[in-house]
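Colleague: Before I ask anything, here is the structure I am working with.
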Amino acid sequence: MPANRSRTDRWRDSLHRIYERGGGLEFAIKHDPEDGIKDLIWRVKLLGLSEDEIIVEQPGAMGQAFRIDEGVELVGLMSVGQNRWMFSTKVVGKTINETRNGAFPALRLDMPTKVVRCLRRQNDRTPIANLDMPSVECWKLMDPMSAVPLEVANRVQIDELTKQGGVVNASNDPVALPMVGPKFEAQLANLGGGGVGLVVPVEYRSEIDSGKLFWLRMDLRPTIPAPLVLTAKLAHAHIDSQQNTIAGLAFEFGYNNQHKDFVIKQISRYLGAMQPQRKAA
């Protein structure tokens, strides 16, 4: 039997190995693709397994947990090496994870009945879901202090547009920049507790290798009415099977700490817009 077929049939063994080594899983909220909202994948630690449930840490950023309602349907992603599998699940409840460092909120998820292997060239497309991730414009940041006034302006712009119910037109979207290098394009891969994962195409590999601080512009329209800007620091990077760079960047708010609460609020709002009860409200 081919190795990939064997792993798919024995996916519970792979899930248990991820748990034993203290690894994580990725999840996205399942929503109507016609609502115009891009998918947002978050990476969380796998905390426990039972016959019927998966326990994972509640998604969050910078110590702030994001609310995910009970009953919300999710798309799960499990990675082993270069291989990925997708499955359907839902939030069946909440719990508290007790550790030596304190108690933290966690989610109880329904154990899936099967998984589907993702093709390498279409990593986030299977019969279960076709995930469409947001684009991210990136620049190497030369002077982090030059980004502070633009982050302040970004907060003012998004707050005003939110009150007015307006959205910046993508065809008429002038970009004010701090002191930066050339622009390169990336795709948001996932969101973690302290940063983001980006997929940087092979043609821009030299850009992500050459700098430590980056200026990011994430397009979460129309939920967030203008692209969200922030500073991030390269934490690690590796090359995937398609020769793209998978870069992990940590949020950097040391130069403008007030921007942290704003960014967390916008991401929380974005996740809330995907959830049926709060979207209806």
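Colleague: Give, as a single signed number, the net charge of other residues whose beta carbon lies under 11 Å from the beta carbon of Thr245, with Lys and Arg counted +1 and Asp and Glu -1.
Modeller: Here the charged neighbours net out to -3.
Colleague: Related question: Against the longest principal axis of the chain, how steep is helix 148-164, in degrees 0 to 90 to the nearest 10, with axes from Cα atoms?
Modeller: 70
Colleague: Under the definition of Cα pairs under 8 Å and six or more residues apart, what whole-number percent is the relative contact order of segment 31-85? Present the calculation step by step, with values, prior to reporting the outcome.
Modeller: Values: 30 pairs, mean separation 9.2, N = 55.
Once divided by the residue count of segment 31-85, the mean separation gives 17 percent.
Colleague: Give, in nm to one decimal, the length gained when the segment between Lys183 and Ser210 is fully stretched (0.36 nm per residue of separation minus the Cα-Cα distance). Mind showing how you got there, number by number?
Modeller: Numbers: separation 27, 0.36 × 27 = 9.72 nm, distance 1.28 nm.
Full-extension gain reported as 8.4 nm.
Colleague: Number of Lys pairs in segment 135-280 with C-alpha atoms less than 28 angstrom apart, excluding same-chain neighbours closer than eight positions?
Modeller: Qualifying lysine pairs in segment 135-280: 19.
Colleague: Can you give me the distance in nm between label points at Leu119 and Leu49, each placed 7 Å from the Cα along the Cα-to-Cβ direction?
Modeller: 2.9
Colleague: Here's another thing I want to ask about it. What residue among Thr162, Gly197, Phe66 has its Cα farthest toward the positive end of the dipole of the chain, where the charges are +1 on Lys, Arg and -1 on Asp, Glu, each on the Cβ?
Modeller: Gly197
Colleague: I need the shape label for segment 11-52. Rule: rounded when a/c is under 1.5, else prolate if a/b > b/c, else oblate, with a, b, c from the alpha carbon gyration tensor. Mind showing how you got there, number by number?
Modeller: On the way: a/c = 3.51, a/b = 2.41, b/c = 1.46.
Verdict is prolate for segment 11-52.
Colleague: Find how many whole Å separate the alpha carbon centroid of segment 165-232 from the alpha carbon centroid of segment 43-80.
Modeller: 25
Colleague: Which label belongs to the value computed from this structure, given these candidates for semi-axes √(5λ) of the Cα gyration tensor in Å: (1) 31, 22, 18; (2) 34, 27, 16; (3) 60, 22, 14?
Modeller: Looking at semi-axes √(5λ) of the Cα gyration tensor in Å for this model, the match is (1).
Colleague: For Thr162 and Asp13 in one chain, what is 0.36 nm times their gap in residues minus the Cα-Cα distance, to one decimal in nm?
Modeller: Between Thr162 and Asp13, full extension yields an extra 49.0 nm.
Colleague: A further question follows. Which of these, Gly23, Gly76, Gly63, has the largest mean-square fluctuation under a Gaussian network model of the chain (Cα springs below 10 Å)?
Modeller: Gly63
None of the figures in this text is laboratory data; all of them are computed from the coordinates on show. Because the structure is predicted, anything quoted here is derived from the model rather than measured. When we count neighbours, we look across all protein chains shown, and the Cβ atoms used for this are built from the backbone with ideal geometry, even at glycine.
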